[in-house]
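Worksheet for the structure shown next.
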Amino acid sequence: MSLVLPGEQVPAQHVNLKLGPGLLQLSTVNGQAAIVSTRAGEVKHSANGKKWWIEGNSRRYVPAPQESVVGVVVARSGENWRVDIGSAHMATLDGLAFEGATKRNRPNLKVGSLLYARVSLAHKDMEPELECFDAQTRKAEGFGELKGGFLVSCSLKMCRLLLDPQHFLFPLLGSRFPLETAVGINGRVWINCKELRQTIAVARCIEAVDPDGGGLDETALKKFFGTLDV
């Protein structure tokens, strides 16, 4: 794929085109639509060409609709919660944005609670909004409060790698001991294991594989894992 700079046009075309982070649709002088990059990086698209985005290695997370994030509740504001998702602005989570939630039956979140949520609204002039259910099924589908476990911070690129089902890290660790994970595209990974030493091992392996850290491949990771007390 090609590298682009901010302002360059991207040849993204599809009947049901969906633009991801780093791309913006503008109207040209003759009335036609043009897809322009808003940041430097590598142009990526899905296998069927429906989804397009810019793969960069920015340090700060920029919210985009439909992305899954791991957030921390920092305050309550009336019927809503303020959630830190690592972006420039705090996100808002409505008290009814949960599966089956009503005014009488809603989660009792406290400051410091961890959440696995989906970005429902993201605009440069507005605070992002979150939901804890799937947009199509209206079911939780794994979204909601994350109880227990440990939160690991890593690069945004590492999170995108971990969200790839073909990536080797979690299958390799899962073959050694059971673990639960929730990967947010915002540079945060929640892990939950039965034993503390296993949790520490997973955190160290994520750090070792992170392109901004050790950058180990599968063979090197197996050797590194053998040095850990698990």
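Please state the equivalent ellipsoid semi-axes for the range 125-230: what are the square roots of 5 times the Cα gyration tensor eigenvalues, largest first, in whole Å?
26, 16, 12
Enter the accessible area of GLU67 (Å², nearest 10), with the probe set to 1.4 Å and all protein chains included.
Answer for GLU67: close to 30 Å² accessible.
Which whole-Hz ³J(HN,Hα) couplings does the range 8-18 yield from phi under the Karplus relation 6.51 cos²θ - 1.76 cosθ + 1.60, θ = phi - 60°, glycine and proline marked x?
7, 7, 10, x, 8, 9, 5, 4, 10, 5, 10
Given a cut-off of 17 Å, what percent of all Cα-Cα pairs of the range 99-164 lie beyond it?
Across the range 99-164, Cα pairs with separations above 17 Å total 59 percent.
Below 20 Å Cα-Cα, how many Lys pairs turn up in the chain? Only count pairs eight or more apart in sequence, or on different chains, if you could.
10
Who wins for biggest fluctuation among ALA12, ALA64, ALA33 in a Gaussian network model of the chain, springs between alpha carbons below 10 Å?
Among ALA12, ALA64, ALA33, the largest mean-square fluctuation in the Gaussian network model of the chain belongs to ALA33.
What span do the alpha-carbon atoms of the range 40-145 cover on each of the three principal axes, reported in whole Å from largest to smallest?
46, 29, 22
Quick one: net charge around THR92, please, counting Lys, Arg +1 and Asp, Glu -1 for every other residue with C-beta under 14 Å from its C-beta.
Every neighbour counted, the sum reads -3.
Work out, step by step, the length gained on full extension between SER175 and VAL29: first 0.36 nm times the residue separation, then minus their alpha carbon distance; give nm to one decimal.
Extra length available between SER175 and VAL29 comes to 46.9 nm.
Quick one: if you stick a label point 7 Å off each Cα along the C-beta vector at SER46 and ARG106, how many nm between them?
Placing both labels 7 Å beyond Cα along the Cβ direction yields 3.3 nm.
For the range 1-151, what does the relative contact order come out to in percent, with C-alpha contacts under 8 Å and a separation of six or more?
The value is 17 percent.
If you work out P(r) over Cα pairs in 10 Å bins from 0, in percent from the coordinates, which of (1) 7, 32, 37, 18, 5, 1; (2) 8, 35, 38, 17, 2, 0; (3) 7, 28, 32, 24, 8, 1, 0 do you get?
Answer by label: (3).
Accessible area, 1.4 Å probe, largest first: how do TRP190, TRP53 sort?
Ranking TRP190, TRP53 by accessible area, largest first, yields TRP53, TRP190.
Ignoring any ligand, DNA or RNA, what whole percent of the accessible area of the chain comes from carbon and sulfur when the probe is 1.4 angstrom?
The C+S portion of the solvent-accessible surface of the chain is 50 percent.
Apply the Karplus parameterisation 6.51 cos²θ - 1.76 cosθ + 1.60, with θ equal to phi minus 60°, to every residue of the range 134-143 and state each ³J(HN,Hα) to the nearest whole Hz, in sequence, with x for glycine and proline.
Result, rounded to whole Hz: 6, 5, 8, 8, 6, 9, 4, 6, x, 7.
³J(HN,Hα) across the range 41-55 via Karplus (A = 6.51, B = -1.76, C = 1.60, θ = phi - 60°), whole Hz, x for Gly/Pro?
Karplus values, whole Hz, x for Gly and Pro: x, 9, 6, 10, 8, 6, 4, 8, x, 7, 10, 10, 7, 9, 8.
With an 8 Å cut-off on Cα pairs and a minimum separation of 6 or more residues, tell me the relative contact order of the range 11-63 in percent.
39
How much accessible area per residue does the chain have, counting only protein heavy atoms and a probe of 1.4 Å, in square angstrom?
57
Quick one: order CYS154, CYS159 from most to least accessible surface, probe 1.4 Å.
Result of the area sort, largest leading: CYS154, CYS159.
The values are calculated or read from the model by the stated rules, or taken from the named source; none is laboratory data. All of these numbers come straight from a predicted model, not from anything done at the bench. Every residue, glycine among them, receives a Cβ derived from its backbone with ideal geometry; neighbour counts consider all protein chains shown. With ligands, DNA and RNA removed, areas are computed over all heavy atoms of the protein, side chains included. Shrake-Rupley method; radii C 1.70, N 1.55, O 1.52, S 1.80 Å.
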